[in-house]
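> Below is the structure I would like to discuss, written out as structure tokens.
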Amino acid sequence: MLPIHTDALLNTNALWRFHALAEEYGLSACDAAYLELTQRRELGLATFDRRLIKAARRAGITIVSS
């Protein structure tokens, strides 16, 4: 079983950023949250979702492939 980590740095500013990213890239709130987290934590993103991949590339986020 994989360990589960929570994001203790989540705050009101991040919630506003979710909304802005969702509108800017045409994403769901959930996908915008993934995008915001990868930006803030400077991580790569692993996904098969084409819309999320396109948004991540536009945002300068590295896509992690298998």
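Read the figures in this text as sums done on the coordinates, not as results from a lab. Note that the coordinates shown come from a computational prediction; the quantities given were computed from them, not determined experimentally. Don't worry about glycine lacking a Cβ; one is built from the backbone with ideal geometry, like all the others, and counts go over all protein chains shown.
> Label residue 57 and residue 42 with points 7 Å out from Cα along Cα→Cβ: what is the distance between them in nm?
Here the answer is 2.4 nm between the modelled labels.
> Grab the DSSP H runs of the chain that are 4 residues or longer, score each as -39,500 (n - 2.57), total them, divide by all residues and round the 222 nm result to the nearest 500 deg cm²/dmol. Don't skip to the answer; put the middle values down first.
On the way: 3 runs with 36 residues, N = 66.
The helix-only estimate for the chain comes to -17000 deg cm²/dmol at 222 nm.
> Please work out whether the chain counts as rounded, prolate or oblate from its C-alpha gyration tensor, where a ≥ b ≥ c are the square roots of the eigenvalues and a/c under 1.5 means rounded, while otherwise a/b larger than b/c means prolate and anything else oblate?
Working: a/c = 1.72, a/b = 1.01, b/c = 1.71.
Oblate, since a/c reaches 1.5 and b/c is not below a/b.
> Continuing with this model, one more query. How much length is gained on full extension from residue 23 to residue 1, taking 0.36 nm per residue of separation minus their Cα-Cα distance? Could the numbers behind the result be given before it?
Numbers: separation 22, 0.36 × 22 = 7.92 nm, distance 3.52 nm.
Gain on stretching residue 23 to residue 1: 4.4 nm.
> What residues have an amide H closer than 5 Å to that of residue 45, excluding those fewer than 5 places away on the same chain, when H is modeled at 1.01 Å from N in the peptide plane?
62, 63, 64
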